[in-house]
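Undergrad: Let me begin by handing over the structure; questions about it come next.
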Amino acid sequence: MKIGKIKKAHIAMAIVLSAIFLFAGCGNDTTREGKIESNDPKVPSGETDIYDYVLSQYNDMVQNDFYTNLRGSDIWDSSFGKDIGLEIRTHKQDVYYTFYDIDGNGTKELIIAGGENAVSNPTFSPWNYDLYGCDGTNVVHIFREMEFGYRTNFSLYENGVIGVFYSSSAAESGVDFYKIGDDGFTPERVDSFATVGHLEGDKPVFTYTKNEKEITESEYNANIQNYEVALTTKLNWIQIQ
């Protein structure tokens, strides 16, 4: 906030206001370059209130039936909140959210997911679509350059591990494992695994790699299993209605 000349009598008040804005954290308005623009002047009162503006975009999408009445028009795409990923827009579905402190730094991340099964289903496992965090001042997409959905998706595991799975084709797929860095919002890749297949005659042959170095299939599977330790914390999924 730019401040002009202030009379001496108001200096004390300016200092107090500056301190309030300094410690509010994630409540400031910002334009998006991976950040979330907020029009809500309310200073967050709870640890997850910082995500209210993001959730309001999803709520509008659900309340308006994914803007299906506008599909095919010039304004359909722009009807969605600008912080909503492209793939969750493709078809109407149930939308859920939950909060989870992935890296254990005391700040919970926001996970957005979709699916057709009710949360009362004991085997409920929604399809993840986006992951948001806080950089200390603003809400940000943890994976700013990725669109999650059918070909690329992520899962959360114990020990702060995030697995990002991708499939370029029927013959090529892989998984990269990340942890959130010390800054609390930047994903840092720990290991990368890939498999590529080709035909030798009529027989499919696969090559397995770890960080671009070839390994055996058994080494490939064992390495991935070491990362895929199921969460001991049950996520509390809440449907957006």
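The values are calculated or read from the model by the stated rules, or taken from the named source; none is laboratory data. It should be emphasised that the depicted structure is a prediction, and the values quoted were computed from it without experimental measurement. Here Cβ is always computed from backbone atoms with ideal geometry, including for glycine, and neighbour counts include all displayed protein chains. Heavy atoms of the whole protein, side chains included, go into the accessibility calculation; ligands, DNA and RNA do not. Shrake-Rupley method; radii C 1.70, N 1.55, O 1.52, S 1.80 Å.
Undergrad: Answer yes or no as to whether ASP65 is in contact with a Lys or Arg (Cβ under 9 Å, 6 or more places away or on another chain), of a type outside the set (Val, Ile, Thr), farther than 30 Å from ARG189 by Cα and modelled with pLDDT of 95 or more.
TA: yes
Undergrad: Right, something else. Would you check if PHE154 is modelled with pLDDT of 90 or more and in contact with a Leu (Cβ under 8 Å, 6 or more places away or on another chain)?
TA: It is true that PHE154 is modelled with pLDDT of 90 or more and in contact with a Leu (Cβ under 8 Å, 6 or more places away or on another chain).
Undergrad: Also, quick follow-up: Hey, among ASP60, ASP74, ASP103, which residue is assigned to a helix (DSSP H, G or I) and open to solvent by 40 Å² or more (accessible area, probe 1.4 Å)?
TA: ASP60
Undergrad: Let me ask something else. Of all residues in the range 157-182, count the ones that are at pLDDT 95 or above, on the phi < 0 side of the Ramachandran plot and loosely packed, with under 13 Cβ neighbours inside 10 Å.
TA: So the count comes out to 3.
Undergrad: Check the range 183-191 and report whether any residue there is under 18 Å from LEU110 (Cα atoms) and among the polar types (S, T, N, Q).
TA: Among the residues of the range 183-191, at least one is under 18 Å from LEU110 (Cα atoms) and among the polar types (S, T, N, Q), which makes the answer yes.
Undergrad: Counting only residues that are outside any helix (DSSP H, G or I), of a type outside the set (A, V, I, L, M, F, W, C) and in contact with a Phe, Trp or Tyr (Cβ under 8 Å, 6 or more places away or on another chain), how many does the range 226-235 have?
TA: Looking only at that region, the number is 2.
Undergrad: Out of all the residues in the range 193-222, which are open to solvent by less than 70 Å² (accessible area, probe 1.4 Å) and touching a Ser or Thr at 6+ places or on another chain (Cβ under 8 Å)?
TA: Answer for the range 193-222, where residues must be open to solvent by less than 70 Å² (accessible area, probe 1.4 Å) and touching a Ser or Thr at 6+ places or on another chain (Cβ under 8 Å): PHE193, ALA194, THR195, VAL196, GLY197, THR207, TYR208, THR209, LYS210, ILE215, TYR220.
Undergrad: Against the definition (free of Cβ contacts under 8 Å to residues at least 60 places away in the same chain, of a type in the set (Lys, Arg), surrounded by 13 or more Cβ atoms within 10 Å (Cβ to Cβ) and out of contact with any Gly (no Cβ under 6 Å at 6 or more places or on another chain)), how does LYS234 come out, yes or no?
TA: So LYS234 does not fit the description; no.
Undergrad: Let me ask something additional. Among residues belonging to the range 39-51 that are modelled with pLDDT under 95 and assigned to a helix (DSSP H, G or I), point out the one that is surrounded by the fewest Cβ atoms within 10 Å (Cβ to Cβ).
TA: Among them, the one singled out is ASP49.
Undergrad: So, PHE99, is that one more than 21 Å from GLU147 (Cβ to Cβ) and among the hydrophobic types (A, V, I, L, M, F, W, C) or not?
TA: yes
Undergrad: Something else: Every residue in the range 77-100 that is open to solvent by less than 40 Å² (accessible area, probe 1.4 Å) and over 17 Å from GLN241 (Cβ atoms), please.
TA: SER79, PHE80, ASP83, GLY85, ARG89, TYR100 - these are the residues of the range 77-100 that are open to solvent by less than 40 Å² (accessible area, probe 1.4 Å) and over 17 Å from GLN241 (Cβ atoms).
Undergrad: If you don't mind, another one. Would you mind telling me which numbered condition in (1) open to solvent by less than 60 Å² (accessible area, probe 1.4 Å); (2) within 26 Å of LEU131 (Cα to Cα) GLN225 fails?
TA: The failed condition is (1).
Undergrad: Answer with yes or no whether GLN241 is open to solvent by 70 Å² or more (accessible area, probe 1.4 Å), under 26 Å from LYS82 (Cβ atoms), outside any strand (DSSP E or B) and not charged (D, E, K, R).
TA: It is true that GLN241 is open to solvent by 70 Å² or more (accessible area, probe 1.4 Å), under 26 Å from LYS82 (Cβ atoms), outside any strand (DSSP E or B) and not charged (D, E, K, R).
Undergrad: Let me ask something additional. When residues of the range 198-221 are filtered for being modelled with pLDDT of 95 or more and touching a Pro at 6+ places or on another chain (Cβ under 9 Å), how many remain?
TA: Matching residues across the range 198-221 total 0.
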